[in-house]
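Have a look at the structure below, then the notes.
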Amino acid sequence: MSNQRPYRVAVLGGDGIGPEVVDVALEVVRAAGVALETTPFDLGAARYLRDGFVLDDDALEQLRRFDAILLGAVGPAIGDTRIPGGVLERGLLLKMRFGLDLYINYRPFRGVAGSIAEGREFAIVRENTEGPYAGEGGVLRFGTPHEVATQGSVNTRFGVERCVRYAFERASRLTRPKLTLVHKTNVLTFAGDLWSRVVSEVGAEFASVEVDYNHVDAACIYLVESPERYGVIVTDNLFGDILSDLAGSVTGGIGYAASANLNPARTGPSLFEPVHGAAHDIAGTGRANPLAAVSSAVLMLEHLGEDAAASRIARAVQDFEGDVTLGTASITQEILGRL
Ligand code: IPM
Ligand code: MN
């Protein structure tokens with residue numbers, strides 16, 4: 001075993017294919033020689049529908065005591081309208097991101113198929129606790145013809161700076177160090193100006209990193225037509241959410257996309273999850289692609305300092321990439337066999 005004691009991992013399998021893919025990720029991590037002590041948490045749509053529980057402060061405090069959190073997928077089946085929008089998103093996912101101060105959403109992409117050259121890599125560093133996600137705003141005169149709804153974007157100097165600094169640190173480790181700020185500075189002038197100034201100021205400490213800027217609409221075209229131009233993209237919470245689905249799609253499909261919700265200050269555990277959703281339509285059929293969950297576990301191992309095991313698994317996944325129609329069990333065997 002590489003570590004002294006088993007890492008204590010809270011496992012939130014969640015809904016649909018979530019539990020299946022997380023099981024594979026745990027199996028692969030253990031096969032790579034890292035000891036884990038896992039504690040399951042029954043959270044998500046199924047739990048909510050059963051007893052109305054989403055996530056209270058007590059459960060959040062329990063989660064805080066783990067070394068890491070591994071999450072499968074959370075959400076009801078498409079067309080199931082029993083859970084109002086926001087209940088699980090704000091009440092569970094964002095509550096963990098905000099409550100555990102997971103201020104970076106790190107999403108690496110590697111070309112498998114699509115418009116990007118195979119093997120080319122870039123990453124999105126998404127601010128994960130502010131922007132339009134912060135919950136600022138409200139409703140006045142609800143339901144009347146004079147209803148007013150506002151949803152402001154919160155951008156603090158502190159929040160932007162710690163995100164930008166993390167992105168520069170990541171970018172500086174690339175073979176071709178490059179950071180691109182993506183925003184809409186020509187219209188969102190207040191927030192855009194803050195982000196731009198912070199990128200210039202922090203960038204002065206990272207002389208080796210080439211700095212670029214794209215408007216978010218243009219970035220959508222570039223991601224499709226020439227994603228090779230990117231090294232690290234740094235952007236706000238909402239732009240990062242949208243761009244990372246697009247990035248997943250142009251690099252081979254969201255079935256590969258992994259993400260790390262990080263607390264780089266390490267004041268608590270970080271949370272690792274595939275970018276994809278619960279895919280209820282294929283749950284239990286043995287057809288789920290577990291690679292995004294496995295790659296999310298790789299990010300977890302990197303964060304825990306288990307670099308050797310992380311790169312062994314990452315290499316196994318890269319080796320295998322290209323044939324995801326085999327089914328969950330066969331893909332798992334293919335990965336285990338390559339460790
Ligand atoms: C994601 C998801 C979440 C987000 C939702 C489910 C709250 O889309 O992780 O990208 O918007 O961040
Ligand atoms: Mn998303």
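Values quoted throughout were computed directly from the atomic coordinates according to the rules given, and no laboratory measurement underlies them. Owing to the predicted nature of the structure, the values given are computational and were not obtained by experimental measurement. Please note: Cβ atoms are built from the backbone with ideal geometry, for glycine as well, and neighbour counts cover all protein chains shown.
In this Cβ point-charge picture (+1 for Lys and Arg, -1 for Asp and Glu), the chain has a dipole of about 400 debye about its Cα centre.
Residues whose amide H falls under 5 Å from that of Phe272, counting only those 5 or more places apart or on a different chain, are Ile69, Leu70, Leu71, Asn261, with hydrogens built in the peptide plane.
Dipole size of segment 57-190 about its Cα centre, with +1 on Lys/Arg Cβ and -1 on Asp/Glu Cβ: approximately 540 debye, rounded to the nearest 20. Rounded to the nearest 0.05, the FRET efficiency derived from the C-beta distance between Leu339 and Arg120 at R0 = 25 Å is 0.50.
Expressed as a whole percent, the proportion of Cα-Cα pairs in the chain lying more than 25 Å apart is 52%.
Normalising the Debye intensity of segment 114-177 to I(0), with uniform scatterers on Cα atoms only, and taking log10 at q = 0.17, 0.21 Å⁻¹ returns -0.75, -0.90.
With the cut-off at under 15 Å, measuring from each backbone N in segment 282-302 to a point 7 Å along the Cα-to-Cβ line of Arg266 picks out 300-302. Taking every alpha-carbon pair under 8 Å whose residues sit at least 6 apart, segment 24-123 reaches a relative contact order of 20 percent. Potential lengthening of the chain between Ser208 and Arg8 amounts to 68.2 nm, from the contour at 0.36 nm per residue minus the alpha-carbon distance. The His215 and Leu49 beta-carbon pair, evaluated with R₀ = 51 Å, returns a calculated FRET efficiency of approximately 0.80.
In segment 239-339, the alpha-carbon atoms span a convex hull of 110 Å³ per residue. Working note: Cα gyration tensor of segment 16-139, eigenvalues times five, square-rooted, sorted largest first, giving semi-axes of 26, 22, 17 Å. The Cα-based radius of gyration and maximum Cα-Cα distance (Dmax) for segment 184-309 are 17.2, 52 Å.
Between Val187 and Thr285, the contour length at 0.36 nm per residue exceeds the Cα-Cα span by 30.6 nm. Rounded to the nearest 500, the helix-only mean residue ellipticity at 222 nm of the chain stands at -11500 deg cm²/dmol, with each DSSP H run of n ≥ 4 adding -39,500 (n - 2.57). In plain terms, the C-alpha convex hull of segment 100-241 casts an average shadow of 10.4 nm² when viewed from every direction.
Dipole check for segment 122-186: with +1 at the C-beta of Lys and Arg, -1 at the C-beta of Asp and Glu, and the Cα centre as origin, the magnitude is about 440 Debye. In segment 176-256, the ratio of gyration radius to Kirkwood radius, Rg to Rh, stands at 0.98 when only Cα atoms are counted.
Remark: relative contact order (segment 200-339) = 16 percent; criterion is Cα-Cα distance under 8 angstrom and separation of 6 or more residues. Evaluated at q = 0.12, 0.13, 0.27 Å⁻¹, the base-10 log of the normalised Debye intensity for segment 1-64, with identical point scatterers placed on the Cα atoms, takes the values -0.38, -0.43, -1.15. Projecting the Cα atoms of Gly143, Val87, Thr156 onto the dipole axis of segment 64-163, where Lys and Arg carry +1 and Asp and Glu carry -1 at the beta carbon, places Val87 farthest toward the positive end.
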